[in-house]
Amino acid sequence: WHWLQDPMGVNEIVNRINMRVSMLQGDILHTHKRSLELLTAFSDFEKRFEEHKFYLAVEKALDASLPDLLWAKDIHGRYVIANKTIKETLLFDDSPYGKTDVTLAKARKAVIGDKNHTFGEMCGNSDKIVLATGTPTLFLESGLITGKEVFLKVHKAVLKDRLGTVIGTVGTGRDVTEEYNTLKDILDTTTCSNTRDKLAYMIEKHRFWGE
């Protein structure tokens, strides 16, 4: 009876074809999905590579033109840009990328001793302030660098990508140790209360170097 209904076995052949097509469609979808994943991964790699080239170009320009300490960090406080000045005078590392201030400070301490280097371990706090407020902020940061007490005028601001998403912080620093110590000496020796009040205010509000 089955033979009379389907003498050529067409239904069975069609069913097998349909099963095979379904399998092929599944394979194609899987392959397509995998291709998209690979393309996305490659696109992400290409983007990161372009960003890296951009960072290197910026860093090269900064090294050639400005004497101040200049840097940029990601949202975790890891350096992505660091100019020659900050590498040589504060970080003491030719390749600080991917490292934090705490990591670099510990490495420096291991070389010259804990008591001779205290700068860097508190810098993360000012990063957090800027990230939390999103406001460019002026700081006075101090500590021992190779046994010498140093005061830095530091400007920090958030760093954003093309879409406006905060991706880190950017900062500049200038050594104002001499100016700070000069004002402190005057403050310690002057007998004029009005002058003392003005100097104390300037030091407290970090106004002795201008804006």
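Could you please find all residues in region 113-150 being open to solvent by 50 Å² or more (accessible area, probe 1.4 Å), over 22 Å from P67 (Cβ atoms) and either in a loop (DSSP other than H, G, I, E, B) or modelled with pLDDT under 90 (or both)?
Result: D114, K115, N116, T118, E121, M122, N125, T135.
Report whether or not K184 is farther than 24 Å from K106 by Cα and assigned to a helix (DSSP H, G or I).
So K184 passes the test.
So T85 passes all but one of these: (1) touching a residue at least 24 places away in the same chain (Cβ under 8 Å); (2) over 16 Å from the mean Cα position of the chain (by Cα). Which condition number does it fail?
Among (1) touching a residue at least 24 places away in the same chain (Cβ under 8 Å); (2) over 16 Å from the mean Cα position of the chain (by Cα), the lone unmet condition for T85 is (1).
Give the number of residues within region 88-112 that are open to solvent by less than 30 Å² (accessible area, probe 1.4 Å), in a helix (DSSP H, G or I) and free of Cβ contacts under 8 Å to residues at least 40 places away in the same chain.
Residues that pass the stated criteria total 4.
For L183, which of the numbered conditions (1) over 24 Å from the mean Cα position of the chain (by Cα); (2) at pLDDT below 85; (3) open to solvent by 30 Å² or more (accessible area, probe 1.4 Å) fails to hold?
It fails just one condition, (3).
Filter region 72-87 down to the residues that are among the charged types (D, E, K, R) and touching a Phe, Trp or Tyr at 6+ places or on another chain (Cβ under 9 Å), then identify the one that is surrounded by the most Cβ atoms within 10 Å (Cβ to Cβ).
Taking the candidates together, the pick is K73.
If a residue must be in a strand (DSSP E or B), surrounded by fewer than 18 Cβ atoms within 10 Å (Cβ to Cβ) and β-branched (V, I, T), how many such residues does region 151-166 contain?
Result for region 151-166: 1.
The values are calculated or read from the model by the stated rules, or taken from the named source; none is laboratory data. The structure displayed is predicted, hence computed values, not measured ones. All Cβ positions, glycine included, derive from the backbone under ideal geometry; neighbour counts span all protein chains shown. Heads up: the accessible areas ignore ligands, DNA and RNA and are worked out on the full protein's heavy atoms, side chains in. Shrake-Rupley method; radii C 1.70, N 1.55, O 1.52, S 1.80 Å.
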